[in-house]
Every structure is written in structure tokens, then in C-alpha cells.
Amino acid sequence: MSATPATPSHKREPAAEDFIAMRDSQQFGELRGSYRKFAFPMTVAFFVWYVVYVVAAVFAPDFMAVKVGDTWNVALIFGLLQFATTFLITWIYVKYANKNIEPRAAAIREELEG
């Protein structure tokens, strides 16, 4: 009994002109806009949160040294929240991208490759 050979993919190789035309298309503009709609505000929000942490560490050391429980202080909690925020943003982005970016990117890929 022999294995059935896989059917070859009939996708075409897009030319440079195809990429240029897609770059200038409304479809690609919408994809880019969908990405920017999430990425720019989230980047600004995270950067502000990070700067608040650093500025507080530099200019409010007494506040950052406030004990929370026996072994924790505000600075340690803020530092751990930086990590938690990073993971939270990643999770939110994956959900957003799967819903708003990936379907558009797949449609563009399909159009380019045929």
C-alpha cells in the first residue's frame, strides 16, 4: 500500500508590482489602520505607566518604600505590576489581532497568492 502524495499548492508567486499595488490599496490601508488603532494607544498607555513607575522611584522614594505587609513595599508591587501589565497587553493584543487583523491579513495574502 503506497502513501497518497500530497497535492501541490497552486499558489502563485506575487511580483513586486503586486506588492506595490497592495501597499497602495484601500484593503491594506484598512489593515494598517486596524493595527494602528490598537498599537499606538496601547504603546502610549504602557509607556506612561512605565514612566510613572520610574519617576515615582526617583522622586518619591518615601512613597515607594511604604510597607505593604511584612516583606512587600509599593515599589516591589509596582515592579511586579509592570510584568503583569506586559502579559495582559500581550493577551489583549492576541485576542484583538485574531479578531481584527488576522482575517484582513489572510484575505490580502490570499489575494496576492491566488
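How far, in degrees from 0 to 90, does helix 102-113 lean away from the longest principal axis of the Cα atoms of the chain, to the nearest 10?
Helix 102-113 sits roughly 30 degrees off the main axis of the chain.
Evaluate the Kirkwood expression for the hydrodynamic radius of the stretch 30-113, namely the inverse of the mean inverse distance over all pairs of different C-alpha atoms, and round to one decimal in Å.
Across the stretch 30-113, the inverse of the average 1/r is 15.3 Å.
I'd like to check one number: the per residue accessible area of the chain, probe 1.4 Å, reported in Å² as a whole number.
Roughly 77 Å² per residue, with all protein chains present.
Per DSSP H run of at least 4 residues, take -39500 (n - 2.57); add these up for the chain, divide by its residues and hand me the 222 nm value, nearest 500 deg cm²/dmol.
Using -39500 (n - 2.57) per qualifying helix, the result is -23500 deg cm²/dmol.
For Ser34, what is the net charge nearby, where nearby means another residue's Cβ is under 11 Å from its Cβ and Lys, Arg count +1, Asp, Glu -1?
+3
Full-extension gain between Phe40 and Thr71, please, as 0.36 nm times their residue separation minus the C-alpha to C-alpha distance.
7.5 nm
Quick one: compute the contact order of the chain, relative version, from alpha carbon pairs under 8 angstrom and 6+ residues apart, as a percent.
So the answer I get is 43 percent.
May I ask which residue of Ala39, Tyr50, Phe19 lies farthest towards the positive end of the charge dipole of the chain, with charges of +1 (Lys, Arg) and -1 (Asp, Glu) on Cβ and the Cα centre as origin?
Tyr50
Based on DSSP loop calls and a cut-off of at most 15 other Cβ atoms within 10 Å, the longest stretch of the chain free of exposed trypsin sites (Lys or Arg not before Pro) is what?
The segment 13-114 is the longest one with no such site.
Mind checking which of Ala105, Ala65, Phe83 is farthest towards the positive end of the stretch 61-114's charge dipole, using Cβ charges of +1 (Lys, Arg) and -1 (Asp, Glu) about the Cα centre?
Farthest towards the positive end: Ala65.
The values are calculated or read from the model by the stated rules, or taken from the named source; none is laboratory data. A quick note: this is a predicted structure, and the numbers were derived from the prediction, not measured. Here the Cβ is made from the backbone with ideal geometry for all residues, glycine too, and neighbour counts use every protein chain on show. Side chains included, ligands, DNA and RNA excluded: accessible areas come from the protein's heavy atoms. Shrake-Rupley method; radii C 1.70, N 1.55, O 1.52, S 1.80 Å.
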